[in-house]
Amino acid sequence: MTCSIIFLLFVSAAPYQSEFDKAMQLFSTHYNETIYMGEVSKDTDILSTGLYSQKGCHCEYSSIFSSEAISVFLNMRLPSFVSLRTGLTSGSELAMTKLTEFLGKDSLIIGDTPGETLFISGVYSIPMDVYIINDGVMLLRNANLSIEGNIFVVNKGTFDCDSSEIHFLQDYIYEYIMFIADSSTFLVRNSSTTFNGFPINLLTIGDAHLVWENLDNEDWTTAVVMGNSIDSLYNVNIAGEWLLADNSLTSFKNTETLLVWYFFPDSSIIDFAFPDGDTVNGFVFDSTLSNVSGLAYHTEIDSCTDVMWGMIPLAGSDVTISDSELRTTGLMFNMDSSSVSGLVNGLTYDDFILPLQDRVYHLINTFVNTWSFYPADTSYLEVISCIFGECVGMGNTEYFIQNAFCDGSGGHIETTDNATGLIFLSSLICDVITKSQSILIVGYSSILLGNIWATGSSIMLLVNASIPDMPEVFDTSLVFIDAITGPSTANTYETVPVIGSATILGGPFHPAEFDYYELFYRELGESLWIQFDSTHHSPVYNGTLGFWDTDGLVPGYYELQCHLFDTFGNNIEVLKQVNLLPGGIEEQKVSETGEGIFFSVAVNRKTITVKNCSSCGIVSLYDVSGRCIRKTSLKKDQVTVWSQKGSGVYFVRFETETRTLVKKVVLF
């Protein structure tokens, strides 16, 4: 993490305005305040029903996609790593020098000296990334290791842990990764792990070898198996989710809580029924099966319980799944523009063909618990009117979610790399996270439950979004919170408090800060905004933004606007529609020519005298809020006297069968 922070400090702080403007334009032309809301009772255990899905592994880790996608991932995780791999293999002094320069003093390197071994026993803490390179070895025996960083094992490095505890002290989901590449080895036996309550990344690539044996995991793992790597799990609880690709070999035995994702690449043909996942014995899945072709990987599952199946049908695949119960289906998009609508979690599909032109995905008598979406590379995806479980945008993709509900059953909402996400008029029950240099805009929507994290050098805009708590902001990320939550209705002749939030949260290394906000109003349909209240230089969160004086305004629909600025001049605005109702009493002029009706009002200290009424009627006294505080019937020329303690502006209304007249009086 330290290395990433150093790298991110060189990122410019203020190139965002064009993206902000595009989002604001969409909001201003299409927004309304009818938001689909899911019902959640206090007793609902939502978090336990959701399974986390890897932050981006479904695309950016797997070589079944373009080599550019792999480079994006590797460069994001470890800049210059791809170009250094050949040098590391040969022990190049130049490569090692470059790597050391990047890592700096806040990384632990094992193997830069030939034959180097780090032996750890007892309680030990490593507050940084660990790199095991060349023939380096990290050996744990009867250790209790806490680590605040990633573990990278490359070339012929070895991580060997036995009879120990490993604790990754993550601050948010997928903060760290266990990265095993080349011909390296990762062995964990008779041990236990915790990831601080958050899921963690794991990637095996190349000719890597991973063995987990007699392992007690407390938290969730999202693992990607690619290249020619070999991964073996024996007697492991909470195995997590394993995404299988390329020429990999995987074996799971005596393992619990296992979600296996199968990538179905271009030209693969699958016609299969998966077994009941409560207990799976002697299961093999590869292209040796008569009804499976186009797969290069091989997996075996034996004596495992609570096994769940995940499908990822890619462009060019032809997949038919029948008589099965699928924990999840992940839809990935790589280059083209696509739109999905009407997909709903938790349904049984009797005979359904996914309406996408670039692949065939046919479900027959098959239950799908969760639909999830993974736009990548340069794709554009629209998700309209769906109930889904997860959406992760990566690469240079853009996605747009509208009138939808993410129930968190697949994981979370995320943007990473250079992706842009826009969520509009939707509701979320899940964690929300931004990473790398991505931008996520949540507008006129509700985050009903979950954590909100901004990391890397990402930008998050929360525009009139209901959120459960303040976001956590890391690194050089930035979060704008701009919201007007009230009022929805108000009265004329009032000073109306405007409630909401206007604040900017910057990561510890971001130079931009909150600068100021301004408030405006206009009548609906008018183009001119009128500023009210003063310019405010103090941020507000769930409080009073300012006061709107409606004296003299005509009843009708108005829009309020809060314009929020950071110290670099980046700005966003939020709109709120208000129904302005007749309030107070508007004073009417009394005819001086003898036409119609008339009356007189005299004020003496704290008394109001009404007299000279031209006919019978009802006389009422109102305060400036429009509240009636006195009322009496009067005959022609009858006099009434009211004593009033409070000073201020009052209105006297004289009402007959044909007319109503009002006079304003002031008590001092």
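Quick note: the coordinates plus some simple rules give every number you see, no bench work behind them. In this text, all values refer to a predicted model and were calculated from it rather than measured experimentally. We place every Cβ from the backbone using ideal geometry, glycine too, and count neighbours over all the protein chains shown.
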Report, by chain and number, residues whose modeled amide H sits under 5 Å from the one on residue 572, excluding near sequence neighbours (fewer than 5 apart, same chain). 564
Under the Karplus curve 6.51 cos²θ - 1.76 cosθ + 1.60, θ = phi - 60°, whole-Hz ³J(HN,Hα) for the stretch 637-654, x wherever Gly or Pro sits: 6, 6, 10, 10, 10, 10, 9, 9, 6, x, 7, x, 9, 10, 10, 10, 10, 10
Of all DSSP beta bridges in the stretch 244-315, what percent run antiparallel (nearest 5)? 35
Under 5 Å from the placed amide H of residue 548, counting only residues 5+ away or on other chains, we find 496, 498
Placing +1 on each Lys and Arg Cβ and -1 on each Asp and Glu Cβ in the stretch 478-581, then taking the dipole about the Cα centre, the residue among 572, 554, 528 whose Cα reaches farthest towards the positive end is 572
Just tell me which aspartates and glutamates come within less than 13 Å, Cα to Cα, of residue 156; anything on the same chain fewer than 8 places away is out. 112, 116, 135, 182, 207
Say the cut-off is 31 Å between C-alpha atoms; which of 576/606; 576/631; 606/636; 635/664; 611/645 go over it? 576/606; 576/631
Backbone HN-Hα couplings from phi across the stretch 126-143 [Karplus 6.51/-1.76/1.60, Hz, Gly and Pro as x]: 10, x, 6, 5, 10, 10, 10, 10, 6, 9, x, 10, 10, 10, 10, 9, 6, 9
Kirkwood Rh, Cα atoms: Rg over Rh of the stretch 407-480: 0.93
Please give the Cα centre distance for the stretch 483-552 versus the stretch 338-399, rounded to the nearest Å. 39
Among bridges DSSP assigns within the stretch 168-298, what percent are antiparallel (round to 5)? 5
The Rg/Rh figure for the stretch 478-581, Cα atoms and Kirkwood Rh, to two decimals is 1.01
Under the Karplus relation with 6.51, -1.76 and 1.60 and θ = phi - 60°, whole-Hz ³J(HN,Hα) for the stretch 242-251, x at Gly and Pro, equal 10, 9, 9, 8, 6, 9, 6, 10, 10, 9
For residue 526 and residue 106, compute 0.36 nm times the residue count separating them, minus their Cα-Cα distance, and round to one decimal in nm. 145.4 nm
For residue 259, other-chain or 5+-apart residues with amide H closer than 5 Å (H placed, Pro excluded) are 240, 241, 242, 308
